[in-house]
Every structure is written in C-alpha cells, then in structure tokens.
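Colleague: Take a look at this one; I'll ask things after.
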Amino acid sequence: MLFMPGNNPGMLQTADTFGADSVIFDLEDAVALTEKDAARILVTEAMRTMNYGETEVVIRINPLSSPFAMTDIDKMARLKPDAILLPKATPEDMEILEKELERIEKEEGFEVGTIKVHALVETAYGVETVYETIKSSNRIQAVLLGGEDLAADLAVKRTKDSEELFYARTKVVNACKALKVDAIDTPFTDTNDYEGLAADSRKAKMLGFSGKLAINPRQIDTIHEVYSPTKQEINHALRVMAAKEEAEKEGLGVFSLDGKMVDLPIINRAIQTLEIAEMIGLLD
Ligand SMILES: CC(C)(COP(=O)(O)OP(=O)(O)OC[C@H]1O[C@@H](n2cnc3c(N)ncnc32)[C@H](O)[C@@H]1OP(=O)(O)O)[C@@H](O)C(=O)NCCC(=O)NCCSC(=O)C[C@@](O)(CC(=O)O)C(=O)O
Ligand SMILES: [Mg+2]
C-alpha cells in the first residue's frame, strides 16, 4: 500500500503506475498545515477525473482530534474511495466516524455500510483497544500499524530491527486474525536500504501481517517479493494437496510427506498459500 501526499499532483496522476495493490492519498502528516485545503481540492479532482483501474484507492483523513477531520470526512466520503483511512484509530473515534459515514451515505443515496474503513493504529491506547476498534464497525477491512507515531507515543527510539514494535505487531495481528480483517505493517522509512526493508518485511510477515505500507515506489518490488509465496512454497503446497487426495482415497486423515506429518492445519496452510498464489497470478 503506497502512501503519497495528497497535495502532490504529479504523484496523484501517476498513482496506479507503480504496481502497488493500493494507494493512499494522504491528507494528514505528509501535508503541511497550510496545504490542507489544497490537498482536499487536488484529491477531489483526482478522484473525479482519474481512472485508477484495479488499484485500490484509500484516502487518509486527519485525526478526529484535529480541526480538519470533519471537513475531510464530509468531502472525502462523498467521493466514495475504496476506503477511508482513520489515523490514530480508537474505538471512540470509530464510533464517531461510523455515524458520520452513515449520515453521508443516506444523504448521497449510497447503500448504508458501503464506505469501507481502514484503521491506522499508532498510539499505545490504539494498540490496547485494537480488538474493540475492529469490533465496533463492520466497515473495517484492515488495520494498519503506524510505527513512527507509536514510537513517539511510547517515547522509545525507532530502531532498524523494530524490536520496540514487537508487542504492538503481535497484538494487532492477533486481533485482526480473530476478527478476520487484514493486518498491514508499518512503513520502513529508509527508502535507500533495500536489505533493511526486506528483513523488516520478512519479520512482520513471519508474525502474520499480510502486507506492508510503502512510502516510495522503489519499495514496492521488495515488499511484493517478500510477501509473495516462493516457487518452492507453491510446489510444496501443490504436493500436499495431491498427497491429501491420495490419503483420502485410503481413508487417512493424517499422513507423511517427506518425513513430516501432514494433517488438517498443514493442509489449511497449503490452501492459504495456493489462494495467495492464485490471487496474485502465480497459479492458474
Ligand atoms: C520519502 C520521500 C520524501 C522521498 O523523496 P525522494 O525525492 O527522495 O524520492 P525519489 O525516490 O528520489 O523519487 C523518485 C520519483 O518517485 C516519485 N515518488 C517518490 N515517492 C513517491 C510516492 N510515495 N508516490 C508516488 N511517487 C513517488 C518522485 O516524485 C520522483 O518522481 P520524478 O520526479 O518524476 O522522478 C517521498 O518518497 C515521499 O514523499 N513519500 C511519501 C511520504 C508520505 O506520504 N508520508 C506519509 C505517510 S507515512 C506515514 O504517515 C506513516 C505513519 O502514519 C505511520 C507511522 O506512524 O509509522 C506515520 O505517522 O509516520
Ligand atoms: Mg502516523
């Protein structure tokens, strides 16, 4: 998911050309206070005139504690982006956003509940209450973790190996899995360190994240490479499924493949791998 400042017309115009699955037009921290109106106008223009095809388009509004949020919601929700991104998300703020979106949907004649929301969790309170935030609305499709703001809120140093995010990462992933929404990891802010980006992406994937935020188009290939199943993983998954067919014929629920036990959880993992491979075009 590629972030771009909402007041940068060049970036908005080429947003879908970098291969990101999703682009996030930012009205918040990437936009200076004096540029908030300009960003809203540019994003509105882009949404009305551009066709971003298959690329998901998300608009990040300003936090509800700011003087910009209500106008952001009112103007951006009417554009019907694929999702509104709520920064500094909490259950209380989600409740307010929910009511506003419902009001706008009724005014615009949109079906109620169709404007989706991604929640950006990036405060200690937001991390502790992430389960309640997701539970508070059926609109939430994904939770994104914001490591920079979170480190500031925790008053800790943001490090390259992200040890300081371990608790937040696992807490967010677990809440997302429990409530069946996507968990998307924090951006890696050194745009020239590809090895660091790959290592950070691998670590978060291992914990259960299904994607990562990017701040620069040069980060997209590395992130996709880490998050895509490898040929070996796909082949292994196919062999598990083939072996399962054979085992079923013999009435076996558990069997051995290459000396390792295969039963239902391993079959389910193989199905997940094949579903992702199919989704991203690595498998017919
Ligand atoms: C980082 C940098 C300044 C580097 O600039 P550079 O100039 O060195 O980049 P170059 O690579 O030299 O650019 C080569 C070509 O790519 C174009 N290009 C660059 N970036 C592009 C892009 N994103 N989209 C499309 N196009 C792009 C550029 O226009 C140029 O095009 P051209 O001139 O035609 O050759 C730049 O990337 C950038 O602005 N990124 C977006 C930053 C942003 O949105 N931040 C806010 C969101 S994060 C956040 O808020 C997280 C969090 O919420 C979470 C937490 O808490 O952790 C928080 O609070 O932190
Ligand atoms: Mg932030």
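Read-outs: derived from the displayed coordinates by stated rules, not from any lab. Worth saying up front: this structure is predicted, and the values here are computed from it rather than measured. Don't worry about glycine lacking a Cβ; one is built from the backbone with ideal geometry, like all the others, and counts go over all protein chains shown.
Colleague: Under 23 Å from the Cα of residue 160, which lysines turn up, not counting those fewer than eight places away in the same chain?
Modeller: Here the lysines satisfying the reach criterion relative to residue 160 are 88, 171, 203, 205, 212.
Colleague: Please get the size of the charge dipole for the stretch 231-280, origin at its Cα centre, with Cβ charges of +1 on Lys and Arg and -1 on Asp and Glu, quoted in debye to the nearest 20. Don't skip to the end; give the middle numbers.
Modeller: Numbers: 6 positive and 9 negative charges, 28 e Å.
Taking the Cα centre of the stretch 231-280 as origin, the dipole is about 140 debye.
Colleague: At a Förster radius of 41 Å, what calculated FRET efficiency corresponds to the Cβ-Cβ distance of residue 252 and residue 138, to the nearest 0.05? Display every interim value, and only then the final one.
Modeller: Details: r = 40 Å, r/R0 = 0.98.
The formula returns an efficiency of 0.50 here.
Colleague: May I pose another question? As I understand it, the value is the acute angle between the Cα axis of helix 91-108 and the longest principal axis of the Cα atoms of the chain; what does it come to in degrees, rounded to 10?
Modeller: Compared with the principal axis, the helix lies near 70 degrees.
Colleague: Do you know the relative contact order of the stretch 231-280, to the nearest whole percent, from alpha carbon pairs under 8 angstrom that are 6+ apart? All intermediate terms of the calculation are to be shown ahead of the outcome.
Modeller: On the way: 35 pairs, mean separation 22.5, N = 50.
With pairs under 8 Å counted, the relative contact order is 45 percent.
Colleague: Helix-only mean residue ellipticity at 222 nm, the chain, DSSP H runs n ≥ 4 weighted -39,500 (n - 2.57), per residue, nearest 500. What is it? If you can, show how the numbers build up before the last one.
Modeller: Numbers: 12 runs with 135 residues, N = 284.
Using -39500 (n - 2.57) per qualifying helix, the result is -14500 deg cm²/dmol.
Colleague: Hey, another quick one. Given an 8 Å cut-off on Cα distances and at least 6 residues of separation, report the relative contact order of the chain as a percent.
Modeller: Values: 455 pairs, mean separation 35.1, N = 284.
The normalised contact order for the chain reaches 12 percent.
Colleague: Which peptide among 182-190, 267-275 comes first, and what is the full order, when sorted by highest mean count of other Cβ atoms within 10 Å? Could the numbers behind the result be given before it?
Modeller: Details: 182-190: 21.6, 267-275: 15.8.
Taking the mean over residues of other Cβ atoms within 10 Å, the ranking is 182-190, 267-275.
Colleague: Only four residue types carry charge here, +1 at the Cβ of Lys and Arg and -1 at the Cβ of Asp and Glu. Report the dipole size of the stretch 2-227 about the Cα centre in Debye, rounded to the nearest 20. Working shown, then result.
Modeller: On the way: 26 positive and 40 negative charges, 66 e Å.
It comes to approximately 320 debye.
Colleague: Residue 156 to residue 245: FRET efficiency via 1/(1 + (r/R0)^6), r the Cβ-Cβ distance, R0 51 Å, to the nearest 0.05?
Modeller: Values: r = 51 Å, r/R0 = 0.99.
Here the calculated transfer efficiency is 0.50.
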